[in-house]
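Visitor: First the structure, then my questions, so here it is.
The values are calculated or read from the model by the stated rules, or taken from the named source; none is laboratory data. All figures in this text were calculated on a predicted structure; none of them were measured in a lab. Glycine gets a Cβ as well: all are built from the backbone with ideal geometry, and neighbour counts include every protein chain shown.
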Amino acid sequence: MADKTMTADEAVSRLESGMTLGIGGWGSRRKPMALVRAVLRAGIGDLTVVSCGGPDVGMLAAAGRVRRLVAAFVTLDSVPLEPHYRAARESGALELTELDEAMFLWGLRAAAHRLPFLPVRAGIGSDVMRVNPGLRTVTSPYDDGETFVAVPALRLDAALVHVNRADRQGNGQYLGPDPYFDDLFCAAAKAAYVSCERIVDTAELTKAAAPQTLLVGRHTVTGVVEAPNGAHFTSCAPDYGRDEPFQREYASTPWPQFAQRFLGGDEQAYRAAVRAWQEERS
C-alpha cells in the first residue's frame, strides 16, 4: 500500500485558488491549524470554505482568502463569536451560506454518497429558507406526501482535517470525545489531507483504542501530515486542551499585528513565536 506521508507545505501545494475547501473540526476544537497556516503562507485565495467554523475561518477571512463561506456557525467556543470572522462579515468581505447543523451534516453526506441532494426535515418553517432563497423543497412520492428540504450536496475539491493518530497509508484515529464530521469531509472531497499528532504503525491504531475510533479510512485520504501540536491553539483531546490564554490573545489583537508576529514564517517560526509570547507572560 502507498505511503501517503508528506509535509504540510507539500499538501497545500496541491491546492489552488478558487477551490471549495472543507475544513474539519468543530469551533475551536481539533482544527487542522498547521494546514490552515500553510494555506495562509501559500497565498491561496478566492476560496469557498465549508466548515463548522472556528479560528480556521477567522484567519482565512481576516487574510482576505475567503470568497464564500458555508457554515452552521463560527465560534471560538469560550469566545462565543469569532471576532475576525465577525469583522469580515460586517464589512461584507465574504458571502455567507448559513445552514442548520442538520442540513450541514446531510449536505456532506449527500456529497459523500455522490448524490445531488438529500431530503431533511430541518429548516421547514424557519428563516433558513428565507436567507437561502436557492434552497428547494421536495415532496415524498409515497402516501405520506410529506414535504422536505432538498439539501444540496456540499461537494468539496479538497478537505483538511486533524486527528490524534494516523498511519502512513491514511487511516486516521480520533481519541477525543467526538468525531465531529471529519470522516464526512474526507469522503465528500476529491482529495483529503489529514494531519495528525503522531504517525504510528497500522497495528498500533487497533491496539490503542476501540475499533470505532478508526474514523478516517485510507480510501478517502490523499495525503498524511505528521504535525505535533498541529491543532494549536484549538484543543486536541486527550493530547492537549485549548490554549485559552493564546486564544484570548488572538481574539483581542488586531489581525495585522497578530499575523505579523505569529504568521510571518513557517510552522517552526510560529512555534517559536508562541514560545516567546508565553515566556513574556511568565
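Visitor: Just one of the numbered conditions (1) charged (D, E, K, R); (2) in contact with a Pro (Cβ under 8 Å, 6 or more places away or on another chain); (3) over 23 Å from Arg261 (Cβ atoms) is not true of Asp3; which one?
Guide: (2)
Visitor: Does Pro211 satisfy the condition of being surrounded by fewer than 16 Cβ atoms within 10 Å (Cβ to Cβ), over 28 Å from Ser13 (Cα atoms), at pLDDT 95 or above and assigned by TED's automatic domain parsing to the domain that holds Gly24?
Guide: no
Visitor: Of all residues in the range 20-53, which are under 20 Å from Gly170 (Cβ atoms) and either surrounded by fewer than 19 Cβ atoms within 10 Å (Cβ to Cβ) or small (Gly, Ala, Ser) (or both)?
Guide: Listed by number, the residues that qualify are Gly22, Gly24, Gly25, Ala34, Ala38.
Visitor: Could we say that Leu76 is within 18 Å of Leu263 (Cβ to Cβ) and part of a loop (DSSP other than H, G, I, E, B) here?
Guide: It is true that Leu76 is within 18 Å of Leu263 (Cβ to Cβ) and part of a loop (DSSP other than H, G, I, E, B).
Visitor: Kindly indicate whether Asp56 is of a type in the set (Asp, Glu), at positive phi and assigned by TED's automatic domain parsing to the domain that holds Leu175.
Guide: So Asp56 does not fit the description; no.
Visitor: Can you name the number of the only condition in (1) surrounded by 12 or more Cβ atoms within 10 Å (Cβ to Cβ); (2) not in a loop (DSSP other than H, G, I, E, B) that Arg130 fails?
Guide: Evaluating Arg130 over (1) surrounded by 12 or more Cβ atoms within 10 Å (Cβ to Cβ); (2) not in a loop (DSSP other than H, G, I, E, B) leaves (1) as the failure.
Visitor: Whether any residue in the range 143-161 is under 15 Å from Thr48 (Cβ atoms), without any contact (Cβ under 8 Å) to a residue 60 or more places away in the chain and assigned to a loop (DSSP other than H, G, I, E, B) is what I want to check.
Guide: Checking the range 143-161: at least one residue is under 15 Å from Thr48 (Cβ atoms), without any contact (Cβ under 8 Å) to a residue 60 or more places away in the chain and assigned to a loop (DSSP other than H, G, I, E, B).
Visitor: Turning to a different aspect of this structure: Looking at this structure, is Ala237 touching a strand residue (DSSP E or B) at 6+ places or on another chain (Cβ under 9 Å), touching a residue at least 40 places away in the same chain (Cβ under 8 Å) and of a type in the set (A, V, I, L, M, F, W, C)?
Guide: yes
Visitor: Return the total of residues in the range 167-179 being buried (at least 21 other Cβ atoms within 10 Å of the Cβ) and either of a type in the set (S, T, N, Q) or out of contact with any helix residue (DSSP H, G or I) (no Cβ under 8 Å at 6 or more places or on another chain) (or both).
Guide: The total comes to 2.
Visitor: For the range 80-95, which residues satisfy the criterion of being modelled with pLDDT of 95 or more and either part of a loop (DSSP other than H, G, I, E, B) or outside the structural domain of Ala158 (by TED's automatic domain parsing) (or both)?
Guide: Within the range 80-95, Glu82, Ser91, Gly92, Ala93, Leu94 meet the criteria.
Visitor: Related question: Got at least one residue in the range 32-55 being part of a loop (DSSP other than H, G, I, E, B) and closer than 19 Å to Val221 by Cβ?
Guide: yes
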